[in-house]
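The values are calculated or read from the model by the stated rules, or taken from the named source; none is laboratory data. For clarity, every value in this text was computed on a predicted model and none was experimentally measured. As a convention, Cβ positions derive from the backbone with ideal geometry for all residues, glycine included, and neighbour counts pool all protein chains shown. These accessible areas exclude ligands, DNA and RNA; they are computed on the full protein's heavy atoms, side chains included. Shrake-Rupley method; radii C 1.70, N 1.55, O 1.52, S 1.80 Å.
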Amino acid sequence: MTQDLDGLTHARAVWDFTNGDARRFFDRVSLMKDTAQSFIGRGIAIDFVMLIHGPATQFVAKTHAGTKFEKAGCTTLPEIHALLAALAALGVRIEVCLIAMDRSLVTRENLIACAVVEDNVFLNSIALQNKGYACMQVD
């Protein structure tokens, strides 16, 4: 390992998720979780914010019934929800865009418990980057 982590006590990053492919989304969230656990295991505190918008909005819905994702055929929602809950348990803030929810017909009542609604996650992304958070675009 390089010496990049020397002296680092806190890692701040905003992770921007838009991908609507369930397999890829699960893989990338798993990598994010591994990254968080790696920092924590080295005694480095994390301050990670996960932004969910676009097609990725489907993965924070409890069910796709009545949403624009109803015909998506995602069979792995329970596994994805468990992974997101594990991230939240590590202290990761999971923020979903209200604009994307409205466009996708996902109601607040249909959100998983660990997701927080934000009016416009672009605002959050810009604000966090201006506060020194690394921007992690996740495709």
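For segment 67-139, the Kirkwood hydrodynamic radius comes to 13.9 Å, computed from all pairs of different C-alpha atoms.
Computed from backbone phi with θ = phi - 60° and the Karplus coefficients 6.51, -1.76 and 1.60, the 3J(HN,Hα) list for segment 68-82 is 6, 9, 3, 9, 5, x, 5, 9, 10, 3, x, 5, 5, 4, 5 Hz; x is used for glycine and proline. Placing +1 on each Lys and Arg Cβ and -1 on each Asp and Glu Cβ, with no other charges, gives segment 26-114 a dipole about its Cα centre of roughly 60 debye.
On the accessible surface of the chain, probed at 1.4 Å, how many percent belong to carbon and sulfur atoms?
Within the chain, the accessible surface is 54 percent carbon and sulfur.
Report summary: the helix-based calculation at 222 nm, which adds -39500 (n - 2.57) for every DSSP H run with n ≥ 4 and divides by the residues of the chain, gives -11500 deg cm²/dmol. Structural descriptor for the chain: relative contact order 35 percent, calculated from alpha carbon pairs under 8 angstrom and at least 6 residues apart.
Assuming R0 = 25 Å, can you tell me the calculated FRET efficiency for the pair Val117 and Asp21, based on Cβ-Cβ distance, to the nearest 0.05?
Details: r = 23 Å, r/R0 = 0.93.
Efficiency computed from Cβ-Cβ geometry: 0.60.
For the chain, the Kirkwood radius over C-alpha pairs fed into Stokes-Einstein at 25 °C and 0.890 mPa s yields D = 160 µm² per second. Within the listed set Glu95, Glu109, Glu118, the Gaussian network model of the chain (springs between alpha-carbon atoms below 10 Å) gives the highest mean-square fluctuation for Glu109. Springs between Cα atoms under 10 Å define the GNM used for the chain, and in it the highest mean-square fluctuation of Ala82, Ala100, Ala56 occurs at Ala82.
Taking segment 97-139 and a reference point 7 angstrom along Cα→Cβ of Thr9, the backbone N atoms nearer than 20 Å belong to 131-134. With no solvent and one equal point scatterer per Cα, compute the Debye intensity ratio I(q)/I(0) for segment 1-61 at 0.12, 0.21, 0.24 Å⁻¹ and report its log10, rounded to two decimals. For segment 1-61 at q = 0.12, 0.21, 0.24 Å⁻¹, log10 I(q)/I(0) is -0.36, -0.84, -0.97.
Which net charge results when you count Lys and Arg as +1 and Asp and Glu as -1 among the other residues whose beta-carbon is under 11 Å from that of Cys97? If you can, show how the numbers build up before the last one.
Details: positive: Arg103; negative: Asp16, Glu95, Asp102, Glu118, Asp119.
In short, -4.
Comparing Phe39, Phe59, Phe26 in a Gaussian network model of the chain where C-alpha atoms under 10 Å apart are linked, the largest mean-square fluctuation is found at Phe39.
Expressed as a fraction of 2.2 N^0.38 Å, the value expected for a compact globular protein of N residues, the C-alpha radius of gyration of segment 36-78 is 1.67.
Of all beta bridges that DSSP places with both ends in the chain, some 5 percent have antiparallel geometry.
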